[in-house]
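Structure, as C-alpha cells:
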Amino acid sequence: MISVQVGDITRLEVDAIVNAANNSLLGGGGVDGAIHRAAGPGLREECENVGGCPTGEARATGGHGLTAKIVIHAVGPVWSGGSRGESGLLESCYRHCLELALEKGVRTIAFPAISTGAYGFPKSEAARIALTTMRAYESSFTEIIACCFSEEDAEIYRRARDEVVGN
Ligand code: AR6
C-alpha cells in the first residue's frame, strides 16, 4: 500500500525512514537537519564512516535515537532547469532506496519529498516520479508512506497519484 501522509517524518513508526541528504552525508538543513537532531550524535558518527554518497544513490545507517531502526540517506539532484538528467537521477534515488530497503528486510518505509526543498526540484514532477517508482515496488512492502511536510504538498501528491494510477 502507498499512503500520502502529512507530518514530521522523524516521528513515524516505520522500519525505515529516508533522508534527503547531500553528497557528504554529514547533515544539513531541512529534513536532514530534523533527522540528525532527532537521531542524536550517533547518527553523524556513523555517517562519517560511510564516506559520502553520489547523487542518485543511497546509503543505509542505523536509526540511533529514532523509532525507525534504519535511515536510508538518499542524495537527490539539485534542480538546474531539467536538462541535466535531474528526473533520471531522482528516479534512481527512489529506486536505490527501495532496493536497499528490500535488502535490509524493511517492510514499512517513509519517504520525504526528496529534492523539492533546498534543491528546488518542481514539486508535481517530483511527486510523479516518486509515486511511479513506489508503485513498481508496492507489492514488496507492507506500506510505503509519502510523508509530506504540509497539507499543500500532500495535495500535490494526491493529484500526482490520480495521474499515475490513471495511466
Ligand atoms: N519531515 C518531513 N518532511 C520534511 C521535514 C520533516 N521533518 N522537514 C522538511 N521536510 P529539503 P532537498 C520536507 O530541503 O530539497 C539539506 O540541507 C520539505 O518541506 O529537506 O532534497 C541537505 O543536507 C521538503 O518538502 O531536501 C541537502 O544539502 C522536503 O522535506 C539539501 O538540504 C525536502 O526538502 C537537500 O535538499
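The values are calculated or read from the model by the stated rules, or taken from the named source; none is laboratory data. Bear in mind that the values here come from a model prediction, so they are computed numbers and not experimental data. Don't worry about glycine lacking a Cβ; one is built from the backbone with ideal geometry, like all the others, and counts go over all protein chains shown. Side chains are part of the model used for accessible areas, which takes the heavy atoms of the whole protein and leaves out ligands, DNA and RNA. Shrake-Rupley method; radii C 1.70, N 1.55, O 1.52, S 1.80 Å.
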Notebook entry, point to check: If one computes the Cα centroid of the range 1-80 and of the range 133-151, what distance in Å separates the two points?
Noted result: 16 Å
Next item on the list: Find the eigenvalues of the gyration tensor of the Cα atoms of the range 1-69, then list the square roots of 5 times those eigenvalues as equivalent ellipsoid semi-axes, largest first, in whole angstrom.
Entry: 19, 14, 11
Note to self: Can you tally the net charge around residue 159? Count Lys and Arg as +1, Asp and Glu as -1, for every other residue whose Cβ sits under 14 Å from the Cβ of residue 159.
What the structure shows: -3
Check: Between the helical axis of 30-39 and the dominant principal axis of the chain, each derived from Cα atoms, what acute angle in degrees is found, rounded to the nearest 10?
Finding: 40 degrees
Next item on the list: Run the accessible area of the chain with a 1.4 Å probe and give the carbon-and-sulfur part as a rounded percent.
Entry: 48 percent
Notebook entry, point to check: Helix 41-50 versus the longest principal axis of the chain: what is the Cα-based angle in degrees, 0 to 90, to the nearest 10?
Noted result: 80 degrees
Notebook entry, point to check: How are the C-alpha pair distances of the range 8-167 spread across 5 Å bins, as whole percents from the shortest bin up?
Noted result: 2, 10, 20, 24, 23, 14, 6, 1, 0
Checklist line | Percentage, to the nearest whole number, of Cα pairs in the range 32-83 over 15 Å apart | finding: 49 percent
Item checked: Probe 1.4 Å, all protein chains present, accessible-area order of 83, 124, largest first -> 83, 124
Note to self: Suppose R0 equals 41 Å. What FRET efficiency, 1/(1 + (r/R0)^6) with r the Cβ-Cβ distance, do residue 13 and residue 80 give to the nearest 0.05?
What the structure shows: 0.65
Item checked: the chain - accessible surface per residue (Å², probe 1.4 Å) -> 46 Å²
Notebook entry, point to check: Dividing the convex hull volume of the alpha carbon atoms of the range 98-164 by its residue count, what do you get in Å³ per residue?
Noted result: 87 Å³
Next item on the list: With a 1.4 Å probe and all protein chains in place, put 87, 139 in order of accessible area, largest first.
Entry: 139, 87
Check: If 104, 69 are ordered by their accessible area, calculated over protein heavy atoms with a 1.4 Å probe, which sequence runs from highest to lowest?
Finding: 69, 104
Next item on the list: Any chance you could run the full-extension gain for residue 69 through residue 23? It's 0.36 nm times the residue separation minus the Cα-Cα distance, nm to one decimal.
Entry: 14.3 nm
